[in-house]
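Have a look at the structure below, then the notes.
The values are calculated or read from the model by the stated rules, or taken from the named source; none is laboratory data. Small disclaimer: the values here were computed from a predicted structure and weren't measured. Because the Cβ atoms are built from the backbone with ideal geometry, glycine has one as well, and the counts that use them run over all protein chains shown.
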Amino acid sequence: MLLGLKEAKPYVNGAIEEYLVTLSTNIEALRIDCKPEEYDDKLIEKIDAFIPYRNEFIQICISVCQYSDDIKIDKFYHFFEKLIPYF
């Protein structure tokens with residue numbers, strides 16, 4: 001997708017939307033469900049597991065802002081709306 005952004009490929013908008021939908025759907029796997037005494041260890045584990053996804057998301061946001069003339073902000077708006085239950 002990043003190469004597609006840099007080269008302004010026509011499939012990029014669809015790829016970004018698919019990525020954001022997939023990320024928002026799979027974020028449920030990071031929810032912490034454990035006993036209170038295990039919470040600290042689980043929290044550290046989940047934070048460590050999330051770092052690659054965070055880095056990828058940041059890189060995609062930077063690339064969209066840097067290379068896209070036609071930023072579809074509504075795709076990001078809907079992405080963040082789907083994350084509201086996790087706050």
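Identify, please: which residue in segment 26-71 is of a type in the set (Gly, Ala, Ser) and within 23 Å of ALA15 (Cα to Cα) and is, among those, modelled with the lowest pLDDT?
Per the criteria, the residue is SER68.
Do we find that TYR39 is aromatic (Phe, Trp, Tyr), over 16 Å from LYS75 (Cβ atoms) and part of a helix (DSSP H, G or I) in this structure?
Answer is yes for this residue.
Which residues, taken from segment 52-87, are more than 13 Å from GLU17 (Cα to Cα), among the charged types (D, E, K, R) and either in contact with a strand residue (DSSP E or B) (Cβ under 7 Å, 6 or more places away or on another chain) or loosely packed, with under 11 Cβ neighbours inside 10 Å (or both)?
ARG54, ASP69, ASP70, GLU81
Inside segment 1-36, can you point out the residues that are among the basic types (Lys, Arg) and either within 21 Å of ILE73 (Cβ to Cβ) or surrounded by 11 or more Cβ atoms within 10 Å (Cβ to Cβ) (or both)? Working first, answer last.
Within segment 1-36, the first condition is being among the basic types (Lys, Arg), and the residues that meet it are 6, 9, 31, 35.
Matches in segment 1-36: LYS6, LYS9.
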